[in-house]
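The values are calculated or read from the model by the stated rules, or taken from the named source; none is laboratory data. Note that the structure is predicted; figures quoted are calculated from it, not measured. Glycine also receives a Cβ, built like all others from the backbone with ideal geometry; neighbour counts cover every protein chain displayed. When the accessible area is computed, the model is the full protein with side chains, heavy atoms only, and any ligands, DNA or RNA have been set aside. Shrake-Rupley method; radii C 1.70, N 1.55, O 1.52, S 1.80 Å.
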Amino acid sequence: MIDLLRRHPALPGGVLLALVFATAPAFAERGTLNDLWNIAYFVVLASAWNLLGGFAGQVSLGYSAFVGIGAYTTVLLSLAGWPPALTLPVGAALAVAFSVVVGLPTFRLRGPYFTIATIGVGEAVRVIASGLSFTGGASGLRMPPATFDFGGNYAAMVALMLVTLGLVAWLRQHAFGLALEAIRQDIDGAEALGVHSTQVKLQAHAISAALVAVAGGLFAINFQYINPGQVFDFRLSLTIVLMAIVGGVGTLVGPVLGGVLFGYLQIKLLASPALRDSNYFIYGGLLIVVMLFEPRGIVGLWERLVGMRPGRRSPAPVPEARGAS
């Protein structure tokens, strides 16, 4: 057991998180369950993005496109008579295909050029979706009324969150995660060692896109209405990135902490009419504080505080013995 905890220090926190979300329906009221659903949704988005943006260092600002693909696939197929649950893998498959189409040209770019390209892709998808008739245009679409089941949707979102966290943790411990880490540190050095950087990035992009698309489908089922400005919104892509950065980009725990924090803040801000339109101002201020004082986010701050404890400080260096003169 001790050896297991040493190899997986985040395991107790993951078990506690699973217990809280799994047992909440037994004692929590509907409003609390709605809040937990939103938090689980944000944790999925941040953790899935972190697979590419954190581990591989490929900062994409176009992940709202995958949310929208999953959401619109679920709504359109449900309107055609499909059971909502069967639409989720279809949305994931379409998001994977789109991630490959987008990734093949954009992964040839590096640094800010890649990030700018993903912004353009996300905005292009939003504009196209707003102008198509079968998507409802800017007015959006509604789910069939008989498809709403909050209990089942809540269980599905919690299961998706746990699967996402488990998958990301597993991938990080294996050769795939090491390849992503090598790409983040030095892409040229990684390729010199035999890592096919484009292929690895495409795989990470596809996995994270599939997870985000499933979350988008569950979002559509839960809220029963979507429009392009809601699910293809650039601000959603920005929020996904901010959650990972504030929590601790490139770590397992960081996106979880960022998702919980942003989910809680959004719930409180939306509940207050005076603060409803200031959420991104607050998020931006929080990001500035993090980047100025602790670039590693909440995880880095925690590690710094733990390192300041007297019992955890590194021992003082032993003076070298001098030979007799």
Helix-only CD estimate at 222 nm, as mean residue ellipticity for the chain, using -39500 (n - 2.57) per DSSP H run (n ≥ 4): -24000 deg cm²/dmol
Charge dipole of the chain about the Cα centre (unit charges at C-beta), most positive-ward option of Ala95, Ser78, Gly189: Gly189
Cα gyration tensor, segment 62-144 - rounded (a/c under 1.5), prolate or oblate: oblate
Positive-end residue of Pro105, Gly229, Ala244, charge dipole of the chain with Cβ unit charges: Ala244
The chain, relative contact order in percent, only Cα pairs under 8 angstrom and at least six apart counted: 30 percent
FRET efficiency, 1/(1 + (r/R0)^6) with R0 30 Å, evaluated for Ile119 and Gln199 via beta carbons: 0.80
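Once you sort the root eigenvalues of the Cα gyration tensor of segment 1-139 as a ≥ b ≥ c, which label holds: rounded (a/c under 1.5), prolate (a/b larger than b/c) or oblate (the other case)? Spell out each step's value before the answer.
On the way: a/c = 2.38, a/b = 1.25, b/c = 1.91.
Oblate, because a/c is 1.5 or more while a/b does not exceed b/c.
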Of the DSSP H helices in the chain, those whose Cα atoms cover at least 18 Å axially and whose Kyte score averages 0.0 or more: 11-27, 30-53, 64-79, 84-106, 112-131, 150-173, 197-223, 234-247, 253-271, 279-293
The chain, accessible surface, carbon-and-sulfur percent (1.4 angstrom probe): 68 percent
Top of Gly250, Gly137, Gly258 by mean-square fluctuation, Gaussian network on the chain, Cα under 10 Å: Gly137
The chain: most fluctuating residue of Leu94, Leu51, Leu242 per GNM, C-alpha cutoff 10 Å: Leu94
Of Val75, Val90, Val15, the one that fluctuates the most in a GNM where the chain has Cα springs shorter than 10 Å: Val15
Global form of the chain, assessed from the alpha-carbon gyration tensor, a/c cut-off 1.5: prolate
Tyr225 accessible area, assembled protein chains, probe 1.4 Å, Å²: 60 Å²
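Assuming R0 = 22 Å, what is the FRET efficiency of Ser133 and Gln224, from their Cβ-Cβ distance, to the nearest 0.05? Present the calculation step by step, with values, prior to reporting the outcome.
Values: r = 21 Å, r/R0 = 0.95.
Given R0 = 22 Å and the Cβ-Cβ separation, E is 0.60.
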